[in-house]
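The values are calculated or read from the model by the stated rules, or taken from the named source; none is laboratory data. Source: prediction; values computed, not measured. Using ideal geometry, Cβ is built from the backbone for each residue, glycine included, and neighbour counts are taken over all protein chains shown.
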Amino acid sequence: MLDRYALPAAKMAANLLEYKDRLKKLDGAMLIFLHRSVDGDCVGSACGMCKVLRDLGVNCYVAMPESLPKDMEFMGVEDLLFNIYNEDLDEIHEFKDKGTIYGKPYIQALSVDISEPGRMGCCGEYFESCKDKLIIDHHASITMRGDNMWIEPDASSAAELCFYASCKIAESLSMPEDKTISPLAAQCFMTGIVTDTGRFTYKNTRPETLDSAGKLMELGGDITSVSYNLFDRKALYKFRVSAEARMRVKLYCEGKLAITTVPRSLFDKHEALPDAVDDVVSAMRDIEGVEVAIVLRELSTGEIRANVRSVSYFDSAAFASLYGGGGHLRAAGFTVKDGSGTIDDLAGDVIRRASELL
């Protein structure tokens, strides 16, 4: 861990331990929140921290705004999750008693990889209802700061920060790291780091990131399993939808802008989920001469979700913010609500705006 991470990690660890003691006195529960359109980093960070805190006796659950993607089922975290949105029933779960979860009042919140309730989907209102909140995030687009926040834009992932905070928890309690960070927690943190570094190939991969991955391997994180399940293993429907989405790619601005649209009908054709094209945007960015790649996918709700990736100078986060989204300099996203026009209408506007910046 770099020296510049040590102090904020220790401060966050102290906050979490204070929460733990307070929850024990009040016999309450903590919810850990993550962003909608879940990915390996937000799920890995949230579930890793949930497992660390549960092992310390905290009544802790991860508030899921959507179902766990199938490619993350290998993590074995189902027991840590509380699904607020039930996609099978197309409804938001209502807690039996206002303000409680499994009979415990949920009075404290931790958000990882996200700090804005508006990007938590149906979980946002539950986050806002908690009086005590902590935030661990690494998005450069976040400008707010506070004693209850640890925002580190240079970090590879929220999972890396959560791992550092967990190490400081162990240090504060004079416990060995392998007694504080279980193999399951290590696997979760590894999942987050591998996801957001693109298997350690993106520019956000730093020496301390590799060092953290090595320590997580010693604690039980299986980098081979994580890489295979998140990047290599493909269900047949994903293979087919991804192939069709790639065939629809069009280039603009002398080949610097690549864009593809994936209408709902294409998912329906293959009985596929929206995550079937998760691999497409990175593949588009790898096309020679492309500076920015954008995938627009139409969801069953009528919303249109966009993924933006860039190579060297295009600010993906700034571009996503034009549509109410955000993210990182080289990887960002946004969601456009139903009623804002067709996917082709949005594509035309995206092409126009992106072209002006290239």
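Quick notes on this one:
- Val58 vs. criteria in contact with a Cys (Cβ under 8 Å, 6 or more places away or on another chain) and of a type outside the set (S, T, N, Q): no
- Residues satisfying the stated conditions in segment 245-258, i.e. part of a helix (DSSP H, G or I) and small (Gly, Ala, Ser): Ala245
- Wholly within segment 259-354, helices (runs of 4 or more DSSP H) carrying at least 2 residues that are crowded, with 20+ Cβ neighbours inside 10 Å and not assigned by TED's automatic domain parsing to the domain that holds Lys203: 280-285, 316-321
- Residue within segment 36-55 that is among the aliphatic types (A, V, I, L, M), within 16 Å of Cys123 (Cα to Cα) and part of a helix (DSSP H, G or I) present: yes
- The listed residue being small (Gly, Ala, Ser) and modelled with pLDDT under 90, out of Ser67, Ser111: Ser67
- Residues that are modelled with pLDDT of 95 or more and among the charged types (D, E, K, R) were ranked within segment 209-239; the one that is nearest to Met1 (Cα to Cα) is Asp211.
- Residue in segment 14-31 that is assigned to a helix (DSSP H, G or I) and of a type in the set (Gly, Ala, Ser) present: yes
- Answer residue from segment 245-275, given it is among the acidic types (Asp, Glu) and at pLDDT below 95 and is nearest to Glu66 (Cα to Cα) among those: Asp275
- Condition check for Lys131: touching a residue at least 12 places away in the same chain (Cβ under 8 Å), assigned by TED's automatic domain parsing to the domain that holds Met217 and surrounded by fewer than 21 Cβ atoms within 10 Å (Cβ to Cβ): yes
- Summed over segment 200-248, the residues that are of a type in the set (A, V, I, L, M, F, W, C) and crowded, with 18+ Cβ neighbours inside 10 Å give a count of 8.
- Residue match in segment 173-184 (condition: surrounded by fewer than 16 Cβ atoms within 10 Å (Cβ to Cβ), free of Cβ contacts under 8 Å to residues at least 60 places away in the same chain, of a type in the set (A, V, I, L, M) and part of a helix (DSSP H, G or I)): no
- When Cys162 is tested against (1) more than 21 Å from Val58 (Cβ to Cβ); (2) touching a Ser or Thr at 6+ places or on another chain (Cβ under 8 Å); (3) not hydroxyl-bearing (Ser, Thr, Tyr); (4) not in a loop (DSSP other than H, G, I, E, B), only condition (1) is not met.
- Members of segment 332-358 found to be more than 16 Å from Arg297 (Cα to Cα) and free of Cβ contacts under 8 Å to residues at least 24 places away in the same chain, listed by number: Arg352, Glu356
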